Amino acid sequence: ASVVISEFRTRGTHGEEDEIIELFNPTSGSVLIGGWQAWRSSGCGVVASPLFTIPANTWLPPGHHFLAASADASLTITPDLVYTGQLYDNGGLALLDAFDQVVDQVGMCSSTLYHEGSSLPPLSADLNQGYERKPGGSGGSCLDTDDNLADFSFITANLRQNLDGPAVWGRGVSRARPSLAPR
């Protein structure tokens with residue numbers, strides 16, 4: 001029961017720099033994600049580098065999403081954070097907390113530094129596509145068995161969500177009385 005990488009893409013209709021990373025809080029309490037970082041690992045390699053840091057005092061309420069997008073991302077909503085780095089099509093992605101501990105990770109190659117269990121196939125076409133954590137959509141994005149292939153589904157033409165979006169209370173998402181924190 002922790003914040004997870006709920007959706008991502010390494011390329012989109014605008015090419016290899018059309019990226020998004022969406023986080024989701026499936027817990028019943030707000031989580032202070034300020035100071036957390038996204039790191040990337042090189043394609044089928046073990047070289048890691050920071051991608052972005054979430055601004056201080058950023059809270060992720062229960063059932064809500066945080067959307068980070070590259071400067072070239074094709075989106076219909078405003079991201080919560082814009083970054084300038086680039087994900088590798090056959091690399092990995094990790095979410096680290098304020099103590100530099102890996103909270104969640106996903107990879108598109110079994111030998112990349114960041115991945116859990118079986119890796120996902122790389123995204124190689126410039127299409128509206130990506131990966132979303134199961135069950136997905138209104139069912140929530142909270143399945144985490146520590147196996148990327150089991151936890152994520154390939155998706156096309158999906159609905160991105162940011163901090164301003166409504167809470168998602170699908171199967172597996174705790175519906176305990178939420179504790180709210182300032183945004």
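General remarks:
- Only Lys, Arg (+1) and Asp, Glu (-1) charged, at Cβ; the chain dipole about Cα centre in debye: 580 debye
- When cysteine pairs in the chain are screened for C-beta atoms closer than 4.7 angstrom, the residues that find no partner are CYS142.
- Average accessible area per residue (Å²) across the chain - probe 1.4 Å, nucleic acids and ligands excluded: 44 Å²
- 3J(HN,Hα) along the range 132-141: 10, 5, 6, x, x, x, 5, x, x, 10 Hz, from the Karplus curve 6.51 cos²θ - 1.76 cosθ + 1.60 with θ = phi - 60°, whole Hz, x for Gly and Pro.
- Taking Lys and Arg as +1 and Asp and Glu as -1, the other residues whose beta-carbon sits under 15 Å from that of ALA71 total -4.
- Amide H contacts of GLY91 (H built 1.01 Å from N, under 5 Å, at least 5 apart or other chain): CYS44, MET108
- Whole-number Å³ per residue for the convex hull built on Cα positions in the chain: 98 Å³
- Alpha-carbon centroid distance for the pair the range 21-72 / the range 106-131, whole angstrom: 17 Å
The values are calculated or read from the model by the stated rules, or taken from the named source; none is laboratory data. All of these numbers come straight from a predicted model, not from anything done at the bench. Backbone-built Cβ (ideal geometry, glycine too); neighbour counts: all protein chains shown. What goes into the accessible areas is simple: the full protein's heavy atoms, side chains included, and nothing from ligands, DNA or RNA. Shrake-Rupley method; radii C 1.70, N 1.55, O 1.52, S 1.80 Å.
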